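Every read-out reported here was derived from the displayed coordinates using simple, explicitly stated rules and does not represent laboratory data. Keep in mind that what you see is a predicted model, and the values were worked out from it rather than measured. Positions of Cβ are backbone-derived with ideal geometry, glycine not excepted, and every protein chain shown enters the neighbour counts.
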């Protein structure tokens, strides 16, 4: 079983960024003339779009090699217990994660997460905390792919 989820930035972030960026540009460059105002407005919109699209590139995937959160990979032999967290548990776990060195792949606009135990003694992270809009589906995909991976290992 494979799973893929892209953690896109919500529309509210785009609106807030657009209003803040355009207000700032207008306030700063208004006295410099229309051409400067137009150029700086276009540059601000382009920079804002680039930043938010880059932040939206956060992707989770479960495949034959393991769990991938962005560029990071947790391979099947090191992937331990998986726990689905609701909003309250995610908030509580994020507070604890600040102290225990957990690997965090979280987005502030995604309120639920999955906690994945790391079974690698050489890894400095005791677990991964991964934001997901469908944490139950992610946990099910991890369990199914782990079983499939274990079955495909030659004996």
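Overview of results
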quantity: Cα-projected label distance for residue 65 with residue 144, points at 7 Å along beta-carbon direction, nm; calculated: 2.2 nm
quantity: The chain - mean residue ellipticity at 222 nm from DSSP helices (-39,500 (n - 2.57) per run, n ≥ 4, rounded to 500); calculated: -15500 deg cm²/dmol
quantity: For the chain: rounded, prolate or oblate by the Cα gyration tensor [a/c cutoff 1.5]; calculated: prolate
quantity: For the range 66-119 versus the range 5-45, the gap between their alpha-carbon centres in whole angstrom; calculated: 34 Å
quantity: Helix axis angle, 34-55 relative to the chain longest principal axis, alpha carbon, degrees; calculated: 10 degrees
quantity: Full-extension gain in nm, residue 24 to residue 109, via 0.36 nm per residue minus C-alpha separation; calculated: 28.2 nm
quantity: On Cα atoms only, tilt of 87-100 relative to the major axis of the chain in degrees; calculated: 80 degrees
quantity: Percentage relative contact order, the range 30-155, counting C-alpha pairs under 8 Å, at least six apart; calculated: 21 percent
quantity: Where a label projected 7 Å from the Cα of residue 55 along Cα→Cβ would reach, residues of the range 97-128 with amide N under 12 Å; calculated: 107-110
quantity: Distance between modelled label sites at residue 83 and residue 134, nm, 7 Å Cα→Cβ extension; calculated: 2.4 nm
